[in-house]
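Nothing in this text is a laboratory measurement; each read-out follows from the coordinates by a stated rule. Computed from a predicted structure; not experimentally measured. Virtual Cβ from ideal backbone geometry, glycine too; neighbours counted across all protein chains shown.
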Amino acid sequence: MSEFASSSLLVIGAFFYFAGTLGLVRFPDVYTRLHALAKADNLGLGCVLAGLALQADSLAAALKLLLIWPLALAASAAVSYAIAHRADALGISPWRREEE
Amino acid sequence: MTGLELPIALFLLVNLLAALVVATRGPTPADRMLTALLFGSTGVGVLVLLSRAMHLPTLVDVALTLALLAAIAGIAFARRAWHGARGDE
């Protein structure tokens, strides 16, 4: 049972990672790319970590794996804010749909 | 282990290669830096998967360090290195 849950979480995590990368490649400007990177990728990381924590040998190992996630979340929030703020200060305007 | 770890690690690696396209394309330095951040978060995923698949618990510590360093690199870039030099729109 836990093996099945672990495998599903790993696959879901891989999917979210893929979504994040797809967003990074396809989105038009730095703000939208930040959006793809900050959310989809960290959700993928969370799923992968949860999937691996389910099959960890000890509770301590599982907690250590799960500890990476808050760190990554806090880090990505801070970095996204810093980059978006800087981009705004440099006068990069957000992408708009082209006028027809 | 479920046998899925190595295939998924490989898949994430292919993702990283695709992200390199963005790094070459630009147009602002931040777009290139975002690829570095992607390497941070995806690299952490690859490392924890490898630590499970290859029974190397130490790699989890490496993953923690990488997550921290990616954050520091991103902040340092935004605060110190990005001056909107030529090449920006």
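Quick notes on this one:
- Between 0 and 90°, nearest 10: helix A:59-89 axis offset from chain A longest Cα axis: 0
- Size of segment A:2-89 from its Cα atoms: along the principal axes, largest to smallest, the extents are 48, 24, 10 Å.
- Residue-normalised convex hull volume from the C-alpha trace of segment B:1-44: 44 Å³ per residue.
- In terms of its C-alpha gyration tensor, chain B comes out oblate, because a/c is 1.5 or above while a/b does not outweigh b/c.
- Computed FRET value (nearest 0.05) for residue A:81 with residue B:18, which takes r as the C-beta separation and R₀ as 30 Å: 0.70
- Computed from backbone phi with θ = phi - 60° and the Karplus coefficients 6.51, -1.76 and 1.60, the 3J(HN,Hα) list for segment A:41-55 is 5, 6, 5, x, 4, x, 5, 4, 5, 5, x, 6, 5, 4, 10 Hz; x is used for glycine and proline.
- Shielding value for A:75-81 is 6, the average number of Cβ atoms from other chains within 10 Å of each residue's Cβ.
- Counting Cβ atoms of other protein chains within 10 Å of each Cβ in B:4-16 and taking the mean gives 4.
- Highest mean packing first, where packing is the average number of other Cβ atoms within 10 Å per residue, the peptides B:12-23, A:73-84 line up as A:73-84, B:12-23.
- Distance from segment B:1-72 to segment A:23-53 (C-alpha centre basis), Å: 12
- Entry note: the protein assembly as shown has Rg to Rh equal to 1.01, where both radii use alpha-carbon atoms and Rh is the Kirkwood radius.
- What the Cβ-Cβ distance of residue B:61 and residue A:95 gives, at R0 = 35 Å and to the nearest 0.05, is a FRET efficiency of 0.35.
- Our summary gives chain B a relative contact order of 33 percent, counting only alpha carbon pairs under 8 angstrom and 6 or more residues apart.
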